[in-house]
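Right, one structure below, let's go through it.
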Amino acid sequence: MRKQGFTLIELLVVIAIIAILAAILFPVFARARENARKSSCQSNLKQIGTGLMMYVQDYDETFPTERNGVDGPVWYTNGTTTYTTYGNYQPLVYPYVKNKEVFFCPSSNSHNNDRSLRFAYDYAMNSRIGTVTPPRSMSQIDSPAEIFLCADSNYEWIDRAARIDARHTAGANLAFCDGHVKWMRGSAIAASPQLCWPDFSKDTWLVSGPPPEK
């Protein structure tokens, strides 16, 4: 006797079950993949933050400067006598981290994924630390655990919430001046102008809106 195959109804049931499972599992896999990227990003920021603090120790407790994106590498330190220009902080930190890949966030595809631009934009410094003249010293930061040093970004430096890029499940990673790194939801960042500096007002912090979510 000839063995019967699957009926059309049975095949449709199997296909429906597979489709339901895929609909359930694909978002789970996507979240797991993004969580892995978020953890990798936090590791990058931890290394950058550590490199920045090592630089500070080597240069009389003074922070490097950051500005003009890819127009560098031109910079100055506290060792110069004239403060006339800004540059990229990345070349100054590289000798301490010794790995250029830490400057690239795995969840970023900004600037058409141009790596030369992303090198300067993926992680930017707090403007109240990196773009002041003369350079900021560590002694000027009263609450290191509350002021961020660098963070996920879409710009050369961060002076407003919109320049922090909430690209990790509607939030962003921030490295703080005491060395810790944490993820914050974009709405929490928007409501916290003191992350940048104690005298920052909400109007100044939200001049261009909240952090963009991806």
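Coordinate-derived values only; no laboratory data. In this text the structure is predicted, and so the values were computed from the model without any measurement. In this analysis, Cβ positions are derived from the backbone assuming ideal geometry, glycine residues included, and neighbour counts consider all displayed protein chains.
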Longest principal axis of the chain (C-alpha) makes with the long axis of helix 8-58 (C-alpha) an angle, in degrees to the nearest 10, of 10
I need the phi-derived Karplus couplings for segment 191-208: 6.51 cos²θ - 1.76 cosθ + 1.60, θ = phi - 60°, integer Hz, Gly and Pro marked x.
8, 10, x, 5, 4, 7, 6, x, 8, 6, 8, 5, 4, 5, 5, 9, 4, 10
In whole Hz and in residue order, list the ³J(HN,Hα) couplings for segment 139-155 that follow from phi through the Karplus curve 6.51 cos²θ - 1.76 cosθ + 1.60, θ = phi - 60°; x for Gly and Pro.
5, 7, 9, 6, 10, x, 6, 10, 10, 7, 9, 8, 7, 3, 9, 10, 8
Determine, from the Cβ-Cβ distance of residue 14 and residue 109 and an R0 of 41 Å, the FRET efficiency 1/(1 + (r/R0)^6), rounded to the nearest 0.05.
0.65
Which order do the peptides 195-206, 162-173, 115-126 come out in when sorted by mean C-beta neighbours inside 10 angstrom, highest first?
162-173, 115-126, 195-206
Listed peptides 52-63, 30-41 by packing density, highest first (mean Cβ within 10 Å):
52-63, 30-41
Row for segment 87-191, column shape: gyration tensor on C-alpha, a ≥ b ≥ c, rounded if a/c < 1.5 i.e. under 1.5, prolate if a/b over b/c, else oblate; value oblate
Cβ-placed point charges (K, R +1; D, E -1), dipole of segment 12-196 about Cα centre in debye, nearest 20:
620
Inter-probe distance in nm under a simple model that places probes 7 Å from Cα toward Cβ, at residue 201 and residue 116
4.1
Residue-normalised 222 nm signal for the chain, counting each DSSP H run of n ≥ 4 as -39,500 (n - 2.57), nearest 500 deg cm²/dmol, is -11500 deg cm²/dmol
Label points 7 Å out from Cα along the Cβ direction at residue 98 and residue 137: separation in nm?
3.1
Classify segment 138-214: rounded, prolate or oblate, from the alpha-carbon gyration tensor (a ≥ b ≥ c, eigenvalue square roots; a/c under 1.5 rounded; otherwise prolate if a/b is larger than b/c)?
oblate
